[in-house]
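Below: one structure, written as structure tokens.
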Amino acid sequence: MDTKPCTSGLSKNAVMIMRVADRQWHALEDDLVVGRGYAEHRPDGRLFVSIDAWHDAAFDRLAEAMSVALPAPLYTVVDEADVELTAGWQRAGFTIRRREWEYAVPTDPRGSGLDEVQPPPGVTIVPAGQADERLLRAVDRAIRDEVEATIGWQSMPAEVIPRPEGDTIVDLTKYAVAATPDRYLGLIRVVTVNRPRIGLVAVRAGEQRRGIARSLLAHALGTLHNSGFAQAWTEVHESNRPATALFEGIGARPMSSNLELVR
């Protein structure tokens, strides 16, 4: 356990930074915890940090200690509306890397305009939990390789759901797929914890612009609607114009934005 005494600019008392566990720090002032810092690896391998502090001095000392102790690059995500938190990370040397918009997506097909959407000829939608594991893993790998070869997978919405290291499929039961008799052309992943979240909708590069993504959305949102959910949620990178057009075209509304910062 490491300790590092620091002087607070907002108090006459010293702020002490203590490493209390692996990738966990506390800021102490008069033996009172006035801030906590955490670090964790996301499924994509990147190291993300977070800090909850009572005042700027505790935040700054925690950010300094964590930046020294942890290997670069370091990442963090903040609600863009939280101006003070964003400023704190920028004081610590972090810069804005990307912006994601969070959308509320209506599930009622009459409101989304998806009530009459059908897959293209020769394509069927296999419901979640019924996909062939081998073909599912094959289409997931193919799509990831295509994205990585162009814009890079890190431009996709951050994957925050834990999964075994080296395994890109979160949970086989969460995926519906667009299928032909011999292979899968696209997939959609919906995870419901506190609320339904569309974590991924993607189609093989050679099969795009055929309405497959809309068909996958129509199926997934219709299933949620029949289960009693009025809305789903998703995140879209601000530079992803096709995804923005897809979701806004079915009535999705931007509700907030998140910033990913990097040091």
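The values are calculated or read from the model by the stated rules, or taken from the named source; none is laboratory data. Quick caveat, the model's predicted, so the values are computed rather than measured. Using ideal geometry, Cβ is built from the backbone for each residue, glycine included, and neighbour counts are taken over all protein chains shown. Remember, those area values only see protein heavy atoms, side chains included, never the ligands or the DNA or RNA. Shrake-Rupley method; radii C 1.70, N 1.55, O 1.52, S 1.80 Å.
How many residues are of a type outside the set (Val, Ile, Thr), within 25 Å of the chain's Cα centre (by Cα) and open to solvent by less than 20 Å² (accessible area, probe 1.4 Å) if we restrict to region 36-64?
Of the residues in region 36-64, 8 are of a type outside the set (Val, Ile, Thr), within 25 Å of the chain's Cα centre (by Cα) and open to solvent by less than 20 Å² (accessible area, probe 1.4 Å).
Go through region 191-236 residue by residue and tally those that are open to solvent by 20 Å² or more (accessible area, probe 1.4 Å), under 17 Å from VAL139 (Cβ atoms) and assigned to a strand (DSSP E or B).
Matching residues across region 191-236 total 1.
Would you mention how many residues in region 94-127 are surrounded by 13 or more Cβ atoms within 10 Å (Cβ to Cβ), out of contact with any strand residue (DSSP E or B) (no Cβ under 9 Å at 6 or more places or on another chain) and part of a loop (DSSP other than H, G, I, E, B)?
The total comes to 4.
Can you name the residue in region 154-187 that is modelled with pLDDT of 70 or more and in a helix (DSSP H, G or I) and, of all such residues, is surrounded by the fewest Cβ atoms within 10 Å (Cβ to Cβ)?
Selected residue: THR173.
Do any residues in region 222-240 that are more than 23 Å from ARG98 (Cα to Cα) have Cβ atoms under 8 Å from those of residues that are open to solvent by 70 Å² or more (accessible area, probe 1.4 Å), where the two are at least six apart or on different chains, and which pairs are they?
Going by the 8 Å Cβ cut-off, the qualifying pairs are PHE229/ARG195; GLN231/ARG195.
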